[in-house]
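Throughout, read-outs are computed from the coordinates displayed, never taken from laboratory work. Note that the structure is a prediction, hence the values are computed from the model and not measured.
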Amino acid sequence: MDSISHFRRLFAYDDWANREVLTALQTDSTAGSLELLAHIFGAQRIWFQRLTGVPQNTPVWPEFDLQQCSQQAVELPKQWNNYLNQRTNLDDRISYQNSRGESFSSRVEDILMHVIMHGAYHRGQIATDTRASGHTPAYTDFIHSIRQGHVPSL
């Protein structure tokens, strides 16, 4: 499997997992969990803007409500899919500034992996927050998504 196909699969998983969390938060939401989900979407949008050379217009910690998170959950996967469909390789480097104004240069492939892992990390925090509030978190394990056919297996 080539790298681009691999990332299409990972972004399909990420999309599914974010929507699972969003669905769970529709009934059992805490302020902390919503803040973390908004951060996942805000960070994805920022990284997408960096990769495509669009000026950053989203805060790292946006104050999205559930409806705004739902909009992000629809828009961002389409944008990532279009981006990956236009790529021929992921070895290019891009230069950007982080939220503190520090300059960096990173490979596209490394940025894409960061986006995927960042979402998984914060979904884990949401699961912890959900359990602490006495509720059952969304089941977003990668292997579960494969077993259930939410993400294509190889």
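Just the number: Rg to Rh for the range 92-145, Cα atoms, Kirkwood Rh, two decimals. Walk me through the intermediate numbers first.
Numbers: Rg = 15.8 Å, Rh = 13.5 Å.
We get a ratio of 1.17 for the range 92-145.
Only helices at least 24 Å long along their own axis, judged from Cα atoms, and with Kyte-Doolittle mean hydropathy of -0.5 or greater: name those in the chain from DSSP H. Intermediate results must be reported in sequence, preceding the final value.
Numbers: long enough: 3-27 (37 Å, -0.33); 31-52 (31 Å, 0.42); 66-86 (30 Å, -1.12); 108-132 (36 Å, -0.05).
In the chain, the long hydrophobic H runs are 3-27, 31-52, 108-132.
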Percent RCO, i.e. relative contact order, over the range 3-147, from Cα pairs under 8 Å lying at least 6 residues apart:
35
Cα centroids of the range 17-83 and the range 102-117: how far apart, whole angstrom?
17
If only Cα atoms are counted, what is the Rg of the range 3-147, and what is its Dmax, in Å?
15.2, 46
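For every helix of n ≥ 4 consecutive DSSP H residues, a contribution of -39,500 (n - 2.57) applies; sum these over the chain, divide by its total residues, and give [θ] at 222 nm rounded to the nearest 500 deg cm²/dmol. Could the numbers behind the result be given before it?
On the way: 5 runs with 99 residues, N = 154.
Computed mean residue ellipticity for the chain: -22000 deg cm²/dmol.
Using only Cα atoms, figure out Rg for the range 1-85 and give it as a multiple of 2.2 N^0.38 Å.
Numbers: Rg = 13.2 Å, N = 85, 2.2 N^0.38 = 11.9 Å.
Ratio of Rg to 2.2 N^0.38 Å for the range 1-85: 1.11.
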